[in-house]
Amino acid sequence: MKKKKTTKNFHVCCRIFLAGLVGFVLALTAEARVGDSSNSKLCTETKECLLFDLVCETSTYQVRRYDSVKWVSTNESSYFFEIAAPKMFSKLFKYITGENEEGQKIEMTSPVVVRIPEKRIWEKGEYTMSFLLPSEHQSNPPKPTNEDVYIKETPEMNVYLKSYGGWITTMSDNIKSNALSSALDAANAAYKKGSHYAVGYNSPMTILKRNNEVWYMVEGDPVCDTSE
């Protein structure tokens, strides 16, 4: 009788442990906010995408909230985005195709995010490109073998953004970032200056119907101008 009771208690404990483990894994997945691209209209070329909550939208910009997530990143010092971008993309692409300590191939996700330094055209600046890590690698991503490539985690954040089509170039990025910063200044919105982010959702092989964004990091409470 005592043996049956012990066995029953063991099974109950196992079920509780497994239920807790499943709940913990689900909580991690939910917190990461890297999920099925079918949940986002922005991502049409990858299985997984960076998900977000829309805070507000005006006629000139959106405000979104993103949860903390992990990325694989690399830096490049250059005068122009067009020179820096291919070098950074190559390093990150090698990482996801097996240039890591596990030799693992990692699914491409979207978007690809590039930190753009705001500088004079004759000055060099440091660009940073980041690939979003898929959900299965958010908790424990493989370590890069290239010393120029590293894993980083961004905190929960709010961003101001403006969408546009075509290709991300120095000229298009300047035009869109200036338009967004002007709209934010007009709304008396506080945002991080000195750099912004060029965000792309398409493969370099995609020619038409490209989807891009420019981001500024919100400082303080986001401003949603509803007086329009």
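The values are calculated or read from the model by the stated rules, or taken from the named source; none is laboratory data. Computed from a predicted model, the values in this text were never measured in an experiment. No Cβ is skipped: glycine too gets one built from the backbone with ideal geometry, and neighbour counts run over all protein chains shown. Accessible surface is based on the protein model in full, side chains and every heavy atom, while ligands, DNA and RNA are left aside. Shrake-Rupley method; radii C 1.70, N 1.55, O 1.52, S 1.80 Å.
Take the conditions (1) buried (at least 21 other Cβ atoms within 10 Å of the Cβ); (2) at pLDDT 95 or above; (3) of a type outside the set (S, T, N, Q); ASP53 misses just one of them, which is (1). Filtered by the rule that a residue be open to solvent by 20 Å² or more (accessible area, probe 1.4 Å), of a type outside the set (A, V, I, L, M) and in a loop (DSSP other than H, G, I, E, B), segment 181-215 gives ASN188, LYS192, LYS193, GLY194, ASN202, SER203, PRO204, THR206, LYS209, ARG210, ASN211. The single condition among (1) surrounded by 14 or more Cβ atoms within 10 Å (Cβ to Cβ); (2) in contact (Cβ under 8 Å) with a residue 12 or more places away in the chain that ASN174 does not satisfy is (2).
If I go through segment 88-104 residue by residue, how many of them are open to solvent by 30 Å² or more (accessible area, probe 1.4 Å) and at positive phi?
Looking only at that region, the number is 1.
Within segment 144-165, the set of residues being over 11 Å from TYR66 (Cβ atoms), open to solvent by less than 30 Å² (accessible area, probe 1.4 Å) and under 15 Å from the mean Cα position of the chain (by Cα) comprises TYR160 only. Restricting attention to segment 75-87, does a residue exist that is touching a residue at least 60 places away in the same chain (Cβ under 8 Å), open to solvent by 40 Å² or more (accessible area, probe 1.4 Å) and of a type in the set (S, T, N, Q)? Checking segment 75-87: at least one residue is touching a residue at least 60 places away in the same chain (Cβ under 8 Å), open to solvent by 40 Å² or more (accessible area, probe 1.4 Å) and of a type in the set (S, T, N, Q).
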